[in-house]
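First the structure, in the form of structure tokens, and then the observations on it.
The values are calculated or read from the model by the stated rules, or taken from the named source; none is laboratory data. A quick note: this is a predicted structure, and the numbers were derived from the prediction, not measured. Quick reminder, even Gly has a Cβ in these numbers, built from the backbone with ideal geometry, and neighbours come from all protein chains shown. Accessible surface areas use protein heavy atoms only, side chains included; no ligands, DNA or RNA. Shrake-Rupley method; radii C 1.70, N 1.55, O 1.52, S 1.80 Å.
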Amino acid sequence: MPRRRRPTLRSVSRGALALLLVAAGAGHLTWGRRGYRIVVPGWATRLLHTDKDAIVVASGAVEMVLGVALIALPAERRRIGAAIAAFFVAVFPGNVHQWRTGRPAPGLNTDRSRFIRLFLQPPLIAWAWWSTRRR
């Protein structure tokens, strides 16, 4: 009878990251959709030639696809991890915009929480990178 491998810290971490991405993406598409439009800077709508709602929907869809791909495509794990890290870098200007303007969004209703959120981005990037690399 073959021996079953126990999940490693990296694989559990990847699963948690995938769950976080899918949940965050679902929030962007449902209950938080309206509130997250506040986070989108005006320059992003001009650059992308679209409106804030489309950016929120697209970012939510990307989060969900990345989360599902992280689990469903193990052979592409490293590339998906790099894409997740790049996504976290790409949305950082929205977090800065939200902090600078002092506008509330779901779960970020105080200046303090918006400021702390800025410091969570580097650990998210590191998490995506670390959890998708080999030892």
Look at the range 16-40 and say how many of its residues are of a type in the set (A, V, I, L, M, F, W, C), over 12 Å from LEU66 (Cβ atoms) and crowded, with 19+ Cβ neighbours inside 10 Å.
2
Hey, can you tell me all the residues within the range 11-55 that are farther than 19 Å from ARG77 by Cα and β-branched (Val, Ile, Thr)?
THR30, ILE38, VAL39, VAL40, THR45, THR50, ILE55
Test result for LEU9, touching a Gly at 6+ places or on another chain (Cβ under 8 Å) and at pLDDT 90 or above:
no
For VAL89, are the conditions met, namely being surrounded by 18 or more Cβ atoms within 10 Å (Cβ to Cβ) and modelled with pLDDT of 95 or more?
no
Pick from the range 101-119, criterion assigned to a helix (DSSP H, G or I) and either out of contact with any helix residue (DSSP H, G or I) (no Cβ under 9 Å at 6 or more places or on another chain) or hydrophobic (A, V, I, L, M, F, W, C) (or both), ranking: farthest from LEU17 (Cα to Cα)
ARG112
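For (1) in a helix (DSSP H, G or I); (2) within 19 Å of THR101 (Cβ to Cβ); (3) in contact with a His (Cβ under 6 Å, 6 or more places away or on another chain), each residue gets a yes or a no:
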| site | (1), (2), (3) |
| --- | --- |
| SER13 | yes, no, no |
| ALA16 | yes, no, no |
| LEU21 | yes, no, no |
| THR45 | yes, yes, no |
| VAL57 | yes, no, no |
| GLY60 | yes, no, yes |
| GLU63 | yes, no, no |
| ALA75 | yes, no, no |
Which residue, of ILE80, ILE55, is touching a helix residue (DSSP H, G or I) at 6+ places or on another chain (Cβ under 8 Å), crowded, with 16+ Cβ neighbours inside 10 Å, over 21 Å from LEU29 (Cα atoms) and without any contact (Cβ under 8 Å) to a residue 60 or more places away in the chain?
ILE80
When residues of the range 114-127 are limited to those that are of a type outside the set (A, V, I, L, M, F, W, C) and open to solvent by 30 Å² or more (accessible area, probe 1.4 Å), the one nearest to ILE38 (Cα to Cα):
ARG117
If GLY102 passes every condition in (1) modelled with pLDDT under 95; (2) closer than 25 Å to LEU9 by Cβ; (3) open to solvent by less than 50 Å² (accessible area, probe 1.4 Å) but one, which one does it miss?
(2)
